[in-house]
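S.K.: Sharing a structure with you now.
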Amino acid sequence: MRLSYALLSALLPLLALAQDGGISGPTSSPQAAGYSCDPSKCKLPTCNCASTSPPGGLKPSDVPQFIVFTADDAVQSYTLDAVNQFLAQRKNPNGCSIKMTYFTSLNYTNYTLVTDWYVAGNEIADHTMTHVGTPPADEINGNLIALNALAGIPLSEIKGFRAPFLNYSADTLKMLAQAQFTYDSSAAASIPVTDPNTDAYWPYTLDNGMANNCLTVPGTCQGEPKLPGFWEIPMYAFFDDRGVDGPHLMDPWLDTANGASTVNDSATLEYMQKTFTDHYNGNRQPIGLYTHPIHVSTTYPGVNAPKSTIDMINAFLDWAQKQPNVWIVSNIQLLEWVRNPVPISQLNNFAPLKCTAPQVDSSLHICNGIPQNEAGLLNHCAFSDFPFYTCYGCPTVEPSPGNPNPPQDTSAGPARHRLPANCSTAFWDPVDGKCLCTSNTCTFTDLSRPIGPNGANLTGGDTGSAFTNGSSSPSTTAYVPFNGAAPPPLLPYGAWPAIIIGCIGALLGTYGTVSRF
């Protein structure tokens, strides 16, 4: 018997509890960290000490205030729409559209949307194949292989990892470094920046071990694990009126504020603004919005979107973007700046914050991650558990950690060509197996423009005004839904047992995390 969407609606609070990456107090301390690093020996761009001070010796007043935006889990049209309602209408001070990081797990992911999202300029990162905490190597490496084979993401561009449920171990970090990832972003900065013992460090390398999560992850800190050149990008918590006893990490809008028994969007907005201000008026450590988009989706079947919460998040971003020198960025954009920090006065010429677009003739019929080019070319892989689309040929069986790149099914046509290492995704034709990009035909146009007065000449267009004005009308956020291939309209029968099992596993994962405190 098919389960109803009402059941999923009832299960979503359990998923929220289990997947929000919540913390209940400090996850580290200077004493537990036992951290020591000599900045005269650990120097950028390849080494950076864990420090609360801006990199490169810059004064805080010369440093941009970065807001990192990330999303976790499966990529579907409803999750991209959920992200877009916060970002699509916004631009950074140089006129560039906002880019973000999507930590992708492949269960229930529509591969072609991963391709489209990447070609649109966003970062795709690894979140394991089947969303398991403290994952074995095949979960991590299998995700790399499948994202490359079926979504056409260059292996060299998959640089980051986040552990499901934020459950990782010292061995996880070692595996990531061995697999040549650039960074992990699973550790919490769990003490306010106003506290002298804050663990809100700028991103740092593990040449001298970890400095975060020392109270919760055995075998880390006290100088371990030593992984030269491998970066940790901490996840920066928000704090309510209880200070260090009131942290909110992933999806803070799902939490109750100040020890209350119910969610209060106004109280959430207040502590988000206060925490931002503490960062902004201090050493300008980044702040992050770490999301599970399903919780704020307006297009997920049978689930009523939290309109007030959506308006509140937009109100926060509207407010933040009106402060001078605020940039909303992906993890890799942040890391590129940390590696090569330049003052605000030089951001006009800082390439990682610029925006470029591949110049591909709109009349070309090519399955390349640009919707206007690939219409009618997508393969529909009709697996009973979860069907998906891809440009790169359907596999004979669903990818799994033990078999992440199955042989192609050629029963309906010839095999398609997987992305080679020497061609950009936007210029690769997987049908004919040729690259349209050569030294004189591959063009990426720079769309950025000079930064205006105070770096605050652009905002998000007041899309959160319904919340700040006290309006009770539905959200009227002006954004365009992501124009990618839509998945099947309903989850297939086989997905429901997985969802239920996922809820149980997620709750067990949460129990394991909480039991560490």
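The values are calculated or read from the model by the stated rules, or taken from the named source; none is laboratory data. Because the structure is a prediction, the values reported are computed rather than measured. For neighbour counting, all protein chains shown are included, and Cβ atoms are generated from backbone atoms with ideal geometry for every residue, glycine included. Just so you know, the surface numbers come from the protein's heavy atoms only, side chains and all, with ligands and any DNA or RNA stripped out. Shrake-Rupley method; radii C 1.70, N 1.55, O 1.52, S 1.80 Å.
S.K.: Would you check which residues across region 91-114 are of a type in the set (Lys, Arg) and part of a strand (DSSP E or B) and list them?
M.R.: Scanning region 91-114 gives a single hit, Lys91.
S.K.: Kindly indicate whether Leu106 is modelled with pLDDT under 95 and crowded, with 23+ Cβ neighbours inside 10 Å.
M.R.: Considered against the rule, which asks whether it is modelled with pLDDT under 95 and crowded, with 23+ Cβ neighbours inside 10 Å, Leu106 comes out as yes.
S.K.: Which residue, of Asp195, Asp184, is within 17 Å of Thr275 (Cβ to Cβ) and either touching a strand residue (DSSP E or B) at 6+ places or on another chain (Cβ under 9 Å) or not polar (S, T, N, Q) (or both)?
M.R.: From the options Asp195, Asp184, the qualifying one is Asp195.
S.K.: May I ask you to list pairs of residues, at least six apart or on different chains, whose Cβ atoms are under 9 Å apart, with the first in region 421-441 being under 19 Å from Ala151 (Cβ atoms) and modelled with pLDDT under 90 and the second being aromatic (Phe, Trp, Tyr) and open to solvent by less than 40 Å² (accessible area, probe 1.4 Å)?
M.R.: From residues that are under 19 Å from Ala151 (Cβ atoms) and modelled with pLDDT under 90, the pairs are Cys437/Phe427; Cys437/Trp428.
S.K.: Report, ordered by the first and then the second residue, all pairs with beta carbons closer than 6 Å, sequence separation of six or more or different chains, a first member in region 129-143 that is of a type outside the set (A, V, I, L, M, F, W, C), and a second member that is assigned to a helix (DSSP H, G or I) and at pLDDT 95 or above.
M.R.: His131/Pro164; Gly133/Pro164; Gly133/Phe165
S.K.: Kindly provide the set of residues from region 43-72 that are among the hydrophobic types (A, V, I, L, M, F, W, C), open to solvent by 10 Å² or more (accessible area, probe 1.4 Å) and either in a helix (DSSP H, G or I) or farther than 15 Å from Leu335 by Cβ (or both), ordered by number.
M.R.: Scanning region 43-72 gives Cys49, Leu58.
S.K.: Within region 459-471, identify whether any single residue is surrounded by fewer than 12 Cβ atoms within 10 Å (Cβ to Cβ) and modelled with pLDDT of 80 or more, and answer yes or no.
M.R.: no
S.K.: Can you list residue pairs whose Cβ atoms sit under 7 Å apart, with the first residue in region 213-233 being touching a residue at least 12 places away in the same chain (Cβ under 8 Å) and the second being of a type in the set (Lys, Arg)? Count only pairs 6 or more apart in sequence or on different chains.
M.R.: Short answer, once both residue conditions are applied: Thr216/Arg516; Pro225/Lys174; Leu227/Lys174.
S.K.: Do the conditions hold for Ile158, that is, is it more than 17 Å from Met235 (Cα to Cα) and modelled with pLDDT of 95 or more?
M.R.: On the way: more than 17 Å from Met235 (Cα to Cα): yes; modelled with pLDDT of 95 or more: yes.
It is true that Ile158 is more than 17 Å from Met235 (Cα to Cα) and modelled with pLDDT of 95 or more.
S.K.: How many residues does region 270-297 contain that are aliphatic (A, V, I, L, M), part of a helix (DSSP H, G or I) and open to solvent by less than 20 Å² (accessible area, probe 1.4 Å)?
M.R.: 2
S.K.: Could you list all residues from region 345-359 that are polar (S, T, N, Q) and part of a strand (DSSP E or B)?
M.R.: Listed by number, the list holds a single entry, Thr356.
S.K.: If Val244 satisfies every condition in (1) open to solvent by less than 10 Å² (accessible area, probe 1.4 Å); (2) under 20 Å from Gln31 (Cα atoms); (3) not in a loop (DSSP other than H, G, I, E, B) but one, which is the exception?
M.R.: (1)
S.K.: While we're looking at this one, here's another question. Quick one: Gly95 ticks every box in (1) open to solvent by less than 10 Å² (accessible area, probe 1.4 Å); (2) out of contact with any helix residue (DSSP H, G or I) (no Cβ under 6 Å at 6 or more places or on another chain); (3) farther than 25 Å from Asn368 by Cα except a single one, so which number is it?
M.R.: Only one criterion is unmet by Gly95, namely (1).
S.K.: Is it fair to say Asp311 is farther than 25 Å from Pro164 by Cβ, of a type in the set (Asp, Glu) and surrounded by fewer than 22 Cβ atoms within 10 Å (Cβ to Cβ)?
M.R.: So Asp311 does not fit the description; no.
S.K.: While we're here: Just to verify a result, which residue in region 167-209, among those that are free of Cβ contacts under 8 Å to residues at least 60 places away in the same chain and of a type in the set (Ser, Thr, Tyr), is surrounded by the fewest Cβ atoms within 10 Å (Cβ to Cβ)?
M.R.: Residues of region 167-209 that are free of Cβ contacts under 8 Å to residues at least 60 places away in the same chain, as a first pass: 168-181, 184, 186, 195-196, 206.
From the residues that got through so far, the ones that are of a type in the set (Ser, Thr, Tyr) too are 168-169, 172, 186.
Numbers: Tyr168: 23, Ser169: 17, Thr172: 23, Ser186: 25.
Only one residue fits best here, namely Ser169.
S.K.: Follow-up. Would region 153-163 turn up any residue that is aliphatic (A, V, I, L, M), open to solvent by less than 40 Å² (accessible area, probe 1.4 Å), within 25 Å of His292 (Cβ to Cβ) and not in a loop (DSSP other than H, G, I, E, B)?
M.R.: Checked region 153-163: no residue is aliphatic (A, V, I, L, M), open to solvent by less than 40 Å² (accessible area, probe 1.4 Å), within 25 Å of His292 (Cβ to Cβ) and not in a loop (DSSP other than H, G, I, E, B).
S.K.: Across region 353-409, what is the total count of residues that are open to solvent by less than 30 Å² (accessible area, probe 1.4 Å) and of a type in the set (Phe, Trp, Tyr)?
M.R.: Qualifying residue count, region 353-409: 3.
S.K.: Can I ask one more? Name the residues in region 134-148 that are more than 19 Å from the chain's Cα centre (by Cα) and in a loop (DSSP other than H, G, I, E, B), would you?
M.R.: Across region 134-148, the qualifying residue is only Pro136.
S.K.: Restricting attention to region 314-335, report how many residues are open to solvent by 10 Å² or more (accessible area, probe 1.4 Å), closer than 27 Å to Ile158 by Cα and not polar (S, T, N, Q).
M.R.: Here the count works out to 1.
S.K.: Answer yes or no as to whether Ala267 is without any contact (Cβ under 8 Å) to a residue 40 or more places away in the chain, open to solvent by 10 Å² or more (accessible area, probe 1.4 Å) and more than 26 Å from His131 (Cβ to Cβ).
M.R.: So Ala267 fits the description; yes.
S.K.: Does Tyr78 satisfy the criteria of being among the aromatic types (Phe, Trp, Tyr) and open to solvent by 20 Å² or more (accessible area, probe 1.4 Å)? Break it down stepwise before answering.
M.R.: On the way: among the aromatic types (Phe, Trp, Tyr): yes; open to solvent by 20 Å² or more (accessible area, probe 1.4 Å): yes.
Here the answer is yes, as Tyr78 does meet what is asked.
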